[in-house]
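Participant: This is the structure I have questions about; it appears just below.
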Amino acid sequence: MSTARARGFLPALALLLLSLTACSDDPPPPTYSGSGYDDVATLMQKTLDKRARGLRTHDVARFRKALDRGDAGLVEEQQAYFDNLAQLPVGELHYEVAADTITPVEGSEDYWVEVVLSLGLDGYDATPTRTRDRFLFTPSPDKSRLVITSTTDYSWETAHPGNLQPWDLGPIQVREAVGVLGVFDDTTVRNAGKVLDAAGSGRSDVRSVIGSTSATAPTGVVVYSLRDPAFLRGLADQTVGDPDRADGLTIAVPVDGMDASQGVASYRIFLNPRVLEQPVGVLGRLVRHELTHATLGSRGHGAPLWLSEGVAEYVSVQPMAPARRRLPARALDLAATVTDLPGAAQFGGPDAEAWYAVSWWVCEYVASVYGRPVLLLLLDRLADGADQAQVLPEVLGVTPAQLAQRGVGLMERTYSGQEGP
């Protein structure tokens with residue numbers, strides 16, 4: 001993206017406002033007491049309104065009028081952004097200037113400011129999401145308005161990770177099927193059909209096990225698969241384990257990136273491009289695992305990982321014939337050492353894959369002995385960090401250690417005598 005460059009001196013803001021009064025049919029912007037930049041904020045908002053309308057209506061000429069068109073690099077970069085959003089099912093889209101963040105650039109008449117973008121994807125977001133970015137504005141050549149000269153402040157973005165979506169970072173390729181929106185790049189789009197099929201059938205499979213989502217949840221799911229690591233790097237410290245090593249991730253998209261109390265607008269899925277070449281059955285199982293997290297949403301938030309991940313693994317294998325439900329190679333070796341339910345350290349360690357299998361079979365045990373509804377009951381009872389040493393005896397009549405040993409015992413009995421896992 002374009003970065004700010006040193007600029008020569010331009011006429012004072014007062015002259016800019018006088019020129020606006022003389023050359024435009026619009027009334028002059030109001031002047032208030034307060035921050036000292038209210039007139040600047042008004043001009044910025046007019047430019048952002050033009051940009052938003054151009055994006056909503058696919059009017060590239062209007063969109064470009066909001067840009068510093070003397071910067072060829074900026075125009076090219078922003079054309080890619082325009083093309084990206086034109087592929088998305090955009091419902092609501094508008095910008096708002098955060099007037100209290102306006103900062104003049106010393107030695108010029110440019111201004112940095114934080115802007116809030118409200119963007120909703122029809123059928124995929126329960127409500128529009130609000131994200132912040134930092135733009136640079138400069139007077140237009142005729143000094144009648146302010147135009148955007150950069151949409152990137154690298155130091156600001158470093159301090160605000162997780163604020164960018166794939167369409168902010170480079171060209172994307174969007175494909176859509178019933179209830180599934182796939183976001184790919186030029187290298188992953190060749191597998192779009194396989195991904196859309198897996199996600200489409202997976203949605204039905206998951207709901208047949210755990211039921212439908214709430215009436216207020218979006219009906220569709222967004223799936224990302226892109227090779228550029230920039231998006232994943234922005235998710236640092238927001239996922240379990242290293243996102244670069246994960247085959248799949250479920251991403252909670254907040255309603256307001258600056259206020260977690262506003263809740264979640266949607267849950268989206270990321271698939272590591274390396275899994276796209278896997279057999280259809282392997283890919284389908286992974287997609288169902290992530291769809292389980294996305295479908296459950298905030299239900300069970302704060303429950304122990306063995307339960308949330310075990311439920312997702314349990315659901316992911318249900319459409320498969322029992323003989324095709326494969327275990328990781330280390331799972332049976334690890335089972336012999338299990339004395340208790342795994343915690344966060346086990347899921348972040350070298351045997352994480354085997355601990356996923358242990359958690360799956362603990363959930364298999366619960367479902368087979370107590371019934372599937374009890375798995376969801378446990379999610380509810382163990383949410384928000386509830387003490388499993390108290391809850392498990394109340395609900396199941398066993399201690400955590402006993403539950404772990406019974407789960408691995410069922411796993412060992414199921415796979416004993418087979419030629420490898």
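The values are calculated or read from the model by the stated rules, or taken from the named source; none is laboratory data. In this text the structure is predicted, and so the values were computed from the model without any measurement. Here the Cβ positions follow ideal geometry from the backbone for every residue, glycine too, while neighbour counts run over all protein chains shown. Quick note on the areas: whole protein, heavy atoms, side chains included, nothing else; ligands and nucleic acids left out. Shrake-Rupley method; radii C 1.70, N 1.55, O 1.52, S 1.80 Å.
Participant: Quantify, in whole percent, the carbon and sulfur part of the accessible surface of the chain (1.4 Å probe; protein heavy atoms only).
Facilitator: So the carbon and sulfur contribution to the accessible surface is 51 percent.
Participant: Calculate, for the stretch 153-218, the solvent-accessible area per residue in square angstrom, rolling a 1.4 angstrom probe over the heavy atoms of the protein chains.
Facilitator: Heavy-atom SASA per residue in the stretch 153-218 reads 47 Å².
Participant: Additional query: Ignoring ligands, DNA and RNA, what accessible area per residue does the stretch 292-421 give at 1.4 Å, in Å²?
Facilitator: So the stretch 292-421 comes to 45 Å² accessible per residue, rounded to a whole number.
Participant: Long-range amide H contacts for VAL264: which residues qualify at under 5 Å (H placed 1.01 Å from N, peptide plane, sequence gap of 5 or more or a different chain)?
Facilitator: VAL255
Participant: Sticking with this structure for a sec: If I ignore ligands, DNA and RNA and count only protein heavy atoms, how much of SER212 is accessible to a 1.4 Å probe, in Å² to the nearest 10?
Facilitator: Its heavy atoms expose roughly 100 Å² to the probe.
Participant: Using Cα atoms only, what is the angle between the long axis of helix 280-296 and the major principal axis of the chain, expressed in degrees (0 to 90) to the nearest 10?
Facilitator: 70 degrees
Participant: For the chain, what is the charge dipole size about the Cα centre, in debye to the nearest 20, if Lys and Arg each add +1 at the Cβ and Asp and Glu each add -1 at the Cβ?
Facilitator: 1100 debye
Participant: Hey, another quick one. Going by alpha carbons, how many degrees (0 to 90, nearest 10) lie between the helix axis of 400-415 and the longest principal axis of the chain?
Facilitator: Helix 400-415 sits at roughly 70 degrees to that axis.
Participant: In whole angstrom, note down how far apart the Cα centers of the stretch 45-60 and the stretch 104-161 are.
Facilitator: So the separation of the two Cα centres works out to 13 Å.
Participant: Here is a further query. Can you quote the Å³ per residue value for the convex hull of the Cα atoms in the stretch 315-411, rounded to an integer?
Facilitator: 106 Å³
Participant: Hey, could you pull the Cα Rg and Dmax for the chain, both in Å?
Facilitator: Computed over the Cα atoms of the chain, radius of gyration and Dmax are 25.9, 89 Å.
Participant: Related question: Pop out the ³J(HN,Hα) list for the stretch 263-274 in order, Karplus 6.51 cos²θ - 1.76 cosθ + 1.60 with θ = phi - 60°, rounded to Hz; leave Gly and Pro as x.
Facilitator: x, 10, 7, 6, 10, 10, 10, 10, 10, 5, x, 5
Participant: Tell me the relative contact order for the chain as a rounded percent, counting alpha carbon contacts under 8 Å between residues six or more apart.
Facilitator: Taking the mean separation of contacting Cα pairs over the length of the chain, I get 11 percent.
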